[in-house]
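The values are calculated or read from the model by the stated rules, or taken from the named source; none is laboratory data. Treat the numbers as computed from the prediction; the structure is a model and nothing was measured. Quick reminder, even Gly has a Cβ in these numbers, built from the backbone with ideal geometry, and neighbours come from all protein chains shown. Keep in mind that these areas ignore ligands, DNA and RNA; they rest on the heavy atoms of the full protein, side chains included. Shrake-Rupley method; radii C 1.70, N 1.55, O 1.52, S 1.80 Å.
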Amino acid sequence: MANQSKRHAVVDTMLCVACGACMEVCPRGAITVWKGSYSVVDDALCIGCGLCAKECPASVIRVEDRP
Amino acid sequence: MKKSHWYNYLWIWSVVYFAMGFFHILFAWLGLISFFLPLIFAVGVGSKGFCNRYCDRGQLLRALGGQKGFSRRKDVPDWMKSKAFRYGFLAFFMAMFANMLCMTYQVYTGAAELRETVTLFWSIPVPWSFAYAGGAEPWAAQFAFGFYSMMLTSAILGILTMLAYKPRSWCVYCPMGTMTQMICRMKAGAKKESNP
Ligand code: SF4
Ligand code: SF4
Ligand code: SF4
């Protein structure tokens, strides 16, 4: 990847309710709800903008520094 | 702001549904659509496609809380997203649903009389005879009153938590959402691991 963002979104899959609210707001289309179970962020697409974290009704997304 | 999709307007169905129940309670039967569709998505394809896109309730809360900005946008309390509460609320809802079917059956057998009321929060009866002039099988009307009560109660709960917390906070403890996620997780055999 060329310019990767410093930060990225991380989902607590245990507490995710799979509602898809995050997917709806992601400007990069980086989120999918995996088999109706929990959301998964495509790390290569995520720019760490945090819109998903703001929207998530369960507040289970954190924007963290990439490892 | 991302561009809108057609399904973002599905909230209109919520409004139409509740409005129709004011004029004729038998329209409440149409609520079964929002009952079976999510289950078909979950059982059929193991997807939360209904919640993710096509749920009128979800879209309504998103429109009111998100776009119109009525939501305080605060985090829900931890207990609300706990498994115990979510499964507990699902169990409670199922029990109340069974109770409603039971009442419908009693009216069917003639053991009970049709009650033309909408019951809010499973306890507050609201006279609703203005929306029913008779004509249908009493049990069919009883089911309609019961189903409408359930839909209206859950909509009010959803709007209250939309105002207090995030727009779609109802989706955290929505029984349909919890049940379909449970089905999907079972189908996917999802391991209880966290994000890699
Ligand atoms: S942080 Fe931004 S880009 Fe990354 S998944 Fe969330 S909404 Fe999408
Ligand atoms: S918004 Fe939150 S709870 Fe809903 S699918 Fe995304 S991460 Fe899960
Ligand atoms: S959780 Fe309930 S209200 Fe939310 S989108 Fe799913 S079915 Fe609709």
For the protein assembly as shown, dividing by residue count, accessible area per residue (probe 1.4 Å) in Å² works out to 51 Å²
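Taking R0 as 35 Å, what FRET efficiency do you get between B:Ala91 and A:Asn3 from their Cβ-Cβ distance, rounded to the nearest 0.05? Provide the component values of the computation, followed by the final result.
Details: r = 49 Å, r/R0 = 1.40.
That gives a FRET efficiency of 0.10.
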Any idea of B:Val43's accessible area? Nearest 10 Å², probe 1.4 Å.
-> 90 Å²
Give, as a single signed number, the net charge of other residues whose beta carbon lies under 11 Å from the beta carbon of B:Gln59, with Lys and Arg counted +1 and Asp and Glu -1.
-> +2
What's the Cα-based Rg to Rh of the protein assembly as shown, Rh via Kirkwood?
-> 1.02
Among B:Ala91, B:Ala42, B:Ala155, residue whose mean-square fluctuation peaks in a GNM of chain B (springs only between Cα atoms under 10 Å) = B:Ala91
In square angstrom, rounded to the nearest 10, how much accessible surface does B:Glu137 have for a 1.4 Å probe?
-> 110 Å²
B:Thr117-A:Glu64 pseudo-label distance in nm [points 7 Å out on the Cα-to-Cβ vector] | 5.2 nm
222 nm mean residue ellipticity, helices alone, for the protein assembly as shown (DSSP H n ≥ 4; -39,500 (n - 2.57); rounded to 500) = -12500 deg cm²/dmol
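Percent of accessible area on the stretch B:71-132 owned by carbon and sulfur, 1.4 Å probe?
It is 63 percent, rounded to a whole number.
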For chain B, with a Gaussian network of springs between Cα atoms less than 10 Å apart, report the residue from B:Pro138, B:Pro38, B:Pro77 with the top mean-square fluctuation.
-> B:Pro77
Across the stretch B:7-188, how many lysine pairs, 8 or more apart or on two chains, come within less than 13 Å at their alpha-carbon atoms?
-> 4
Could you work out how far the C-alpha centroid of the stretch B:1-22 sits from that of the stretch B:116-189, in angstrom?
-> 17 Å
Expected integer from the mean partner chain Cβ neighbour count at 10 Å over B:47-55 is 5
Inter-label distance for B:Phe22 and B:Met182, nm, one decimal - labels placed 7 Å from Cα along Cα-to-Cβ = 3.5 nm
Size of the stretch B:7-188 along its principal axes in angstrom, Cα-based, largest extent first?
-> 46, 36, 29
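What is the diffusion coefficient of the stretch B:1-64 in µm²/s, taking the Kirkwood radius over Cα pairs and the Stokes-Einstein relation at 20 °C with a viscosity of 1.002 mPa s?
Values: Rh = 12.6 Å.
D, rounded to a whole number, is 170 µm²/s.
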Counting every C-alpha pair in the stretch A:7-65, the percent lying more than 12 Å apart is 58 percent
